[in-house]
Every structure is written in C-alpha cells, then in structure tokens.
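The values are calculated or read from the model by the stated rules, or taken from the named source; none is laboratory data. Worth saying up front: this structure is predicted, and the values here are computed from it rather than measured. Don't worry about glycine lacking a Cβ; one is built from the backbone with ideal geometry, like all the others, and counts go over all protein chains shown. Just the protein is used for accessible areas: all its heavy atoms, side chains included, with ligands, DNA and RNA removed. Shrake-Rupley method; radii C 1.70, N 1.55, O 1.52, S 1.80 Å.
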Amino acid sequence: MCGGIRVLRRRRWLLAVVAAGVAGFVMALGTDPTAAGGASAVGGIRGCAAATRLPDRPLRVGVAVNGPVTAGVNAIVYRGLQRAVRELGVQGRVLEQGPKENGAASYAYLARQGYDVVVGFPLPPSALDATARRFPNTCFLGLDAPIEAFPHKPRNLEAVLFRVEQPSYLAGYLAASVERLRPGKHVVSTVGGVSFPPVNTFIAGFQAGARKADPNVTLLNGYTQDFSNPAPCRRLALQQIARGSGVVFQVAGLCGLGALQVAKEKGVWGIGVDEDQSVLGSFVLTSVLKNFDVGLFQAIRSLQRGTFRTGTTVEMTLAGGGVGLGKISPRVPRALIGTLDRLRQQIVAG
C-alpha cells in the first residue's frame with residue numbers, strides 16, 4: 001500500500017491505482033482509445049476529449065512519473081491526482097518508470113488502456129510529442145514545459161509551464177537582503193542539477209532578485225549533473241560556502257538535500273525547492289514552490305468542464321497559486337516580510 005493506495009507491479013513498472021468512492025482499486029480498462037467513441041480527426045478539444053462527455057463513467061487519468069511516486073516532485077504530482085480523485089471523482093493510475101525509460105512506452109500503454117488523459121513530465125519532449133500524435137483521440141498533458149518544446153505542437157496536448165522565476169525572484173531578494181545583515185562580503189549561491197531550462201529559470205529569477213536587493217552582491221552558481229545523489233551537491237555547496245556564501249539555494253531535487261545539509265552544518269541559510277522544506281530545520285530561509293499538484297488538478301478539472309486548452313501553454317503563476325514561497329523563517333525582520341509582500345503584489349499585477 002502507498003498512502004492507502006494499492007500498488008501493483010507490471011514488468012519494470014509499479015502501478016498505483018486509485019478510484020473514487022470505493023475501498024478497492026481500479027484495474028486497467030483494457031480498451032483502445034481509437035475505439036472509445038471519440039472523433040477520428042485531430043481537432044484539439046473536439047478530438048481528444050469526446051469520451052470525457054460520456055455520462056456513464058468517470059474521467060480516467062493516467063500519470064507517468066520517473067522513479068518512485070513517493071519521492072521528490074512525484075509526490076507533489078501524486079497529491080494532485082489524489083485531490084482529483086477525492087474532489088472530482090476521477091479514476092486514475094500512476095506508472096513509475098525506470099531510470100533509463102524516456103516515457104514513450106508508458107504513455108502508449110496508458111493510451112491503449114483507454115485513459116482519457118495521459119500525463120507526463122516531457123523529458124525529452126519528443127517522447128510525449130510522438131505518442132500524442134499516435135493517439136489523436138487521447139488527451140495529453142505535459143507538465144513543466146511550454147508547447148514550443150514539443151516538435152509538432154500536437155493539437156491534443158496541453159502544456160503546463162510553471163513560472164518559477166516569479167517566486168525565485170522573491171527568494172533571491174530575500175537571500176541578498178538577509179546576507180546584507182552579515183558583516184563582510186555579501187555572497188549568495190545556487191546549486192543546480194543540470195543546466196537546462198527547468199533549472200536555469202529558477203536560477204535566473206533568484207539572481208535577478210538578489211541583484212535588486214543588493215547590486216553589489218556576489219553570485220555563485222554551479223551544476224552537479226545529478227538530481228538523485230546528495231554527495232555531489234554536498235561537495236559543491238561546501239565549495240560555495242568556503243568562498244563566502246551565506247545563503248545556498250538548492251535547485252537539484254534529491255541531490256540538493258546534500259547542499260541543504262551542508263548549509264545546516266556550516267551555520268548558513270538554505271533555500272529549498274519544489275516543496276516546502278522548512279521541515280528540515282530552522283536554517284531553511286524559505287523554499288521556492290512548484291505546485292505540480294495544483295497544475296495537475298486544475299488541468300483535470302478543465303478537462304471535465306470542456307475547457308482543456310490543447311495546442312497551447314497554460315502558465316501557472318503566483319497569482320493562481322501554481323508557484324509560490326514556502327514558510328519564511330520567523331527570524332526574518334517583519335519589515336523585510338512587508339517588502340516581499342509588496343514585491344509579490346507588483347509581480348502579480350504585472
């Protein structure tokens with residue numbers, strides 16, 4: 001059992017199956033979406049969502065994640081699916097992919113099983129792109145990438161982009177502001193996993209906010225080429241702290257936990273990522289939240305309502321609660337909290 005949900009094993013996958021209103025679990029439906037009653041031609045919402053209007057069954061949602069559903073951002077996505085099951089009455093399944101899988105097999109499996117929408121982290125985007133084109137009557141949802149990242153911009157796919165530069169800007173401003181309270185040189189740093197857009201957007205926003213708070217602040221940044229092993233992030237954070245960093249922002253998933261552990265040991269601030277990591281200790285200044293659960297829930301709800309925006313990018317922002325800051329340390333001066341609130345209001349207002 002996983003959080004009260006039955007976990008099944010299929011080939012190299014673990015299949016976690018959830019259902020609304022029953023104590024058991026929903027098995028694979030065994031239907032081909034090409035025979036599910038949808039339109040034969042690709043037509044955005046007309047083509048991929050015809051089956052969702054059937055009154056005799058709930059919406060079926062299939063989600064493919066990389067690695068265990070209980071780890072890192074997967075757990076956030078899973079919360080979104082659980083909420084949709086609880087509040088919207090949908091049925092769903094989660095496939096846990098192996099480390100060497102690109103997602104294509106998982107996406108195709110879910111589509112063949114008759115799920116109305118197939119959800120994935122499109123890395124690489126080509127896998128979700130190709131599968132969406134193979135199954136034009138199935139809706140696809142790509143989390144964490146704009147529609148431009150998909151080579152053919154499938155008309156049955158909605159892309160969800162999290163504007164993490166917004167809360168990262170606030171985190172950078174906060175980091176440089178508290179660093180100015182220390183004597184000596186002012187330095188803040190970022191520990192990235194891999195240099196690519198989902199990571200670099202965090203870093204760019206953070207550095208811009210830090211420069212706004214202190215134009216003279218020194219900014220350090222490095223990449224570990226790792227998202228799972230804490231050791232490389234630990235080594236990089238040690239190097240940055242040795243160079244004077246008083247705030248370390250981790251943008252490296254589970255690897256970044258090593259950077260935060262070093263920040264705790266060395267008595268400097270740490271900033272978490274994706275979820276609220278203040279539970280790790282009082283040394284956590286704040287966290288930059290990427291609310292995958294909100295993005296997934298809102299997409300499923302829009303599909304039920306017939307407003308699923310295929311062929312486009314839906315942006316998750318501070319205004320809509322798709323991104324944000326986690327708990328801010330109570331040691332931060334109240335005046336600075338007020339400044340952050342005003343900055344947030346300005347960002348929301350555009």
Hey, can you grab everything whose amide H is under 5 Å from the amide H of T218? Only 5+ residues off in sequence or another chain; H modelled, so Pro and N-termini drop out. H186, V187, V188
Quick tally, 1.4 Å probe accessible area for E148, E158, E265, sorted with the most first, runs E148, E265, E158
Accessible area per residue of the stretch 222-315 at 1.4 Å probe, in Å²? 39
What is the set of long-range amide H partners of F249 at a cut-off below 5 Å, with H atoms built 1.01 Å from backbone N? S189, T190, V191, I271
Hz values of 3J(HN,Hα) by residue in the stretch 264-273 - Karplus curve (6.51, -1.76, 1.60), Gly and Pro given as x: 5, 5, 8, x, 10, 6, x, 10, x, 9
Carbon and sulfur: what percent of the stretch 202-267's accessible surface (1.4 Å probe)? 49
Phi angles of the stretch 218-235, converted by Karplus (6.51 cos²θ - 1.76 cosθ + 1.60, θ = phi - 60°) into ³J(HN,Hα) in whole Hz with x for Gly and Pro, give 8, 10, 10, 8, x, 10, 9, 6, 8, 10, 10, 9, x, 4, x, 5, 4, 5
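Determine the relative contact order of the stretch 143-203: mean sequence separation of Cα pairs under 8 Å and six or more apart, normalised by residue count, in whole percent.
Over the stretch 143-203, the number comes to 31 percent.
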Report the convex hull volume per residue for the stretch 99-246, counting only C-alpha atoms, in Å³. 113
Along the three principal axes, how long is the stretch 283-350 when you take its alpha carbons, biggest first, rounded to the nearest angstrom? 46, 26, 17
Return the percentage of antiparallel bridges among DSSP beta bridges fully within the stretch 228-350, rounded to the nearest 5 %. 25
Accessible surface, 1.4 Å probe, highest first, among residues K153, K185: K185, K153
Please list the non-local residues whose amide H lies under 5 Å from the amide H of V119, H modeled 1.01 Å from N, same-chain partners needing a gap of 5 or more. G62, V63, A64, L141
So how do I76, I328 rank on accessible area, 1.4 Å probe, biggest first, that is with the largest at the start? I328, I76
R0 of 51 Å, Cβ-Cβ distance R86-L181: FRET efficiency to nearest 0.05: 0.70
Once phi is turned into ³J(HN,Hα) by the Karplus curve 6.51 cos²θ - 1.76 cosθ + 1.60 with θ = phi - 60°, what whole-Hz value does each residue of the stretch 193-207 show in order, with x for glycine and proline? x, 10, 7, 8, x, x, 8, 5, 5, 4, 5, 4, x, 4, 5
Determine how many Å³ per residue the convex hull of the Cα atoms of the stretch 220-269 encloses. 57
On the Cα set of the stretch 230-320, report Rg and Dmax in Å, please. 17.4, 54
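Can you give me the % of accessible surface on the stretch 72-123 that is carbon or sulfur? Probe 1.4 Å, all protein chains present, nothing else counted.
The value for the stretch 72-123 is 52 percent carbon and sulfur by accessible area.
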Solvent-accessible area per residue for the stretch 114-218 at a 1.4 Å probe radius, Å²? 34
Of the listed links K185/K327; K100/K266; K264/K290, those spanning more than 32 angstrom between alpha carbons are K100/K266
